[in-house]
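The values are calculated or read from the model by the stated rules, or taken from the named source; none is laboratory data. The structure displayed is predicted, hence computed values, not measured ones. So basically every Cβ, Gly included, is an ideal-geometry build from the backbone, and we count neighbours across all protein chains shown.
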């Protein structure tokens, strides 16, 4: 029995023709990539905002962080390529953020010195619905029609 998240990933994988799960992991992998490149402090001042045309766009709250990231640009790109070979990431680009970067954990302060609330991670989300609920969704006429319409539209 598949979970709702698995069903949605399959749906979006078929819809976009890309690996939706990998795409979403690109956004959550930034902290690991920054640690790997020995710039863990960058996580508090930067965030991935877009993956468009196989280019990862990273925003920074200060031009100094963009300069630091530019010195590591090739290594950051290689980290993404190693982690997500199925996405064919061709580049990493940087831009200055128009606002504050969201804090990643308790006690982190944004660029303007304001305390931020903690971001909920997937592991903190409520448990998945029981299998009987998912089974009802999978076997419902509405879901079957949605999948059928989707497959027909992609022929």
Checklist entry - When the range 65-90 is examined, which residues are found to be exposed (fewer than 14 other Cβ atoms within 10 Å of the Cβ) and more than 18 Å from residue 35 (Cα to Cα)? => result 85, 86, 88, 90
Checklist entry - When the range 48-64 is examined, which residues are found to be more than 10 Å from the chain's Cα centre (by Cα), over 12 Å from residue 84 (Cβ atoms) and surrounded by 13 or more Cβ atoms within 10 Å (Cβ to Cβ)? => result 55, 57, 58, 59, 60, 61, 62
Checklist entry - Residues of the range 24-42 being over 14 Å from residue 72 (Cα atoms) and buried (at least 17 other Cβ atoms within 10 Å of the Cβ), which ones? => result 26, 29
Item to check | Boolean, residue 59 is farther than 30 Å from residue 139 by Cα, in contact with a strand residue (DSSP E or B) (Cβ under 9 Å, 6 or more places away or on another chain) and at pLDDT 90 or above | outcome: yes
Checklist outcome for this item: Given the conditions (1) within 17 Å of residue 46 (Cβ to Cβ); (2) in contact with a helix residue (DSSP H, G or I) (Cβ under 8 Å, 6 or more places away or on another chain); (3) modelled with pLDDT under 80, every one holds for residue 128 apart from (1)
